[in-house]
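Colleague: This is the structure I want to talk about, given as structure tokens.
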Amino acid sequence: MAVPKRKTSSSKKNMRRSHLGLKDINIILDKESGEPRLSHKIDKSTGMYKGRQILKIKSKQSN
């Protein structure tokens, strides 16, 4: 069984885990609707992506 010869210092431990930190999410304002959305994703309020209609949006009709 492998056993470390020396205790890993907190500095070395934190350097090893440096890539595990949380990343910032890329929120942009949509050009068409002006609402915030994630980049490279479909705008769910309008159904548009790169100037094309991708999703058909159901209109809310009152009964």
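The values are calculated or read from the model by the stated rules, or taken from the named source; none is laboratory data. Keep in mind that this is a model prediction, so the values were computed, not measured. Don't worry about glycine lacking a Cβ; one is built from the backbone with ideal geometry, like all the others, and counts go over all protein chains shown. The protein model used for the area step is the full one, side chains on, heavy atoms only, and it has no ligands, DNA or RNA in it. Shrake-Rupley method; radii C 1.70, N 1.55, O 1.52, S 1.80 Å.
Colleague: At Met15 and His40, where each label point lies 7 Å from the Cα along Cα→Cβ, what is the point-to-point distance in nanometres?
Modeller: 3.1 nm
Colleague: Report the relative contact order of the chain, percent, no decimals, based on alpha-carbon pairs under 8 angstrom and at least 6 residues apart. Please list the in-between numbers first.
Modeller: Working: 36 pairs, mean separation 9.1, N = 63.
Rounded, it is 14 percent for the chain.
Colleague: Counting only pairs 8 or more residues apart or on different chains, how many lysine pairs in the stretch 13-63 have their Cα atoms under 16 Å apart?
Modeller: Numbers: Lys31/Lys41; Lys31/Lys44; Lys31/Lys50; Lys41/Lys50; Lys41/Lys56; Lys44/Lys56; Lys44/Lys58; Lys44/Lys60.
Taking the Cα cut-off of 16 Å, the pair count is 8.
Colleague: Now for a separate question. Given the -39500 (n - 2.57) contribution per DSSP H run of 4+ residues, what per-residue ellipticity at 222 nm results for the chain, rounded to the nearest 500 deg cm²/dmol?
Modeller: -3000 deg cm²/dmol
Colleague: Compute, for the chain, the length of the dipole vector about the Cα centre, with Cβ point charges of +1 (Lys, Arg) and -1 (Asp, Glu) only. Units Debye, rounded to 20.
Modeller: 680 debye
Colleague: Next question, about the same structure. Semi-axes, largest first, in whole Å: what does sqrt of 5 times each Cα gyration tensor eigenvalue give for the chain?
Modeller: On the way: eigenvalues 486, 38, 23 Å².
In descending order the semi-axes read 49, 14, 11 Å.
Colleague: Separate question: Would you mind getting me the FRET efficiency between Lys23 and Arg52? Use the beta-carbon distance for r and R0 = 22 Å, nearest 0.05.
Modeller: About 0.20, to the nearest 0.05.
Colleague: Could you do me a favour and compute the accessible area per residue for the chain, 1.4 Å probe, result in Å²?
Modeller: Per-residue value: 106 Å².
Colleague: Continuing with the same structure: Over the stretch 1-40, what percent of the accessible surface lies on carbon and sulfur atoms, probe 1.4 Å? All intermediate terms of the calculation are to be shown ahead of the outcome.
Modeller: Numbers: 2400 of 4280 Å².
Heavy-atom surface of the stretch 1-40 belonging to carbon and sulfur, 1.4 Å probe: 56 percent.
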